[in-house]
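All remarks here apply to the structure that follows.
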Amino acid sequence: MCFTSILRVTTSRPSAATRQGIATEGFAWFQRFSEMHEVLRTLMEEVETNDGTWGFGAKSSPVRTLCIGYIALCLGKTQIATEHLKQAAISPSYAQFREQIEAQLSSLR
């Protein structure tokens, strides 16, 4: 597919089905996650699937652990935040952020 075809596809007006999907499913998704408590609950309890909300990692993934830690911190749930930020700090995935995470942990003590 050439660039002009791609451009035509990406700039065309959305179909009625697409607009309906955004209006029903899309807005409901944003409404659901407008509360940080729901975001934290989802990250802590739900299994990631490829239908619906995805991209936050498996339950034991470093990205999920880091997200839980910082969201819990924002909600004032220091025990949850501390537990998850400690796990994130020792993860090789976040070696470049280890000092920042550990500084955040020190401020919680």
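Measuring how big region 35-108 is from its alpha-carbon positions, Rg and Dmax come out at 12.2, 38 Å.
Taken along the Cα-to-beta-carbon direction at a fixed 7 Å, the label points for Gln20 and Glu35 span 3.0 nm.
Packing here is the average count of other Cβ atoms within 10 Å per residue, and on that basis the peptides 79-88, 65-74, highest first, run 65-74, 79-88. Stretched out straight at 0.36 nm per residue, the stretch from Ser61 to Leu108 would grow longer than its current Cα-Cα span by 14.6 nm.
Readers should treat all values here as calculations from the given coordinates under stated rules, not as data from a laboratory. Just so it is clear, the structure is predicted and the values come from calculations on it, not from any experiment. FYI the Cβ positions are ideal-geometry reconstructions off the backbone, even for glycines, and counts take in every protein chain you see.
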